[in-house]
Amino acid sequence: MKQKELKNLAKKLAKQERIIANSDDPSEVTAAQAEIMRLSKQIHDFQDLDLIDEMVQEYLKVES
């Protein structure tokens, strides 16, 4: 994946992670989990997975 694609995917995943962490609505949490699963299917390379994970952690740190 290109760097821009990785960043975009990481931002989307971080957004869903924030919803899971902060929402009290079970249906919203379930929808966020489903979206994470859908987005994760786009990752086919373990190296990309590591990079995305690092980016997600950074996004979550910065926006906390």
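The table below gives the values:
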item: Lys, Arg +1 and Asp, Glu -1 on Cβ, resulting dipole of segment 3-62 about Cα centre, debye, nearest 20; result: 240
item: MET37, MET1, MET55 arranged by Cβ crowding within 10 Å, fewest neighbours leading; result: MET37, MET1, MET55
item: Gain upon complete extension [LYS41, VAL29; 0.36 nm per residue less C-alpha separation]; result: 2.4 nm
item: Ratio of the Cα radius of gyration of segment 5-58 to 2.2 N^0.38 Å, where N counts its residues; result: 1.13
item: The chain: trypsin sites (Lys or Arg not before Pro) in DSSP loop, at most 11 other beta carbons within 10 Å; result: LYS2, LYS41
item: Eligible aspartates and glutamates near LYS12 by straight Cα distance, threshold 17 Å, same-chain separation 8 or greater; result: GLU28, GLU35, ASP48, ASP50, ASP53, GLU54, GLU58, GLU63
item: Helical contribution to [θ] at 222 nm, DSSP H n ≥ 4, -39,500 (n - 2.57), averaged over the chain, rounded to 500; result: -27500 deg cm²/dmol
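Taken together, the values in this text are just the output of simple stated rules run on the coordinates, not laboratory data. Nothing here was measured: the structure is a model prediction, and the numbers come from that model. Positions of Cβ are generated from backbone atoms using ideal geometry, with glycine treated the same way; all protein chains shown enter the neighbour counts.
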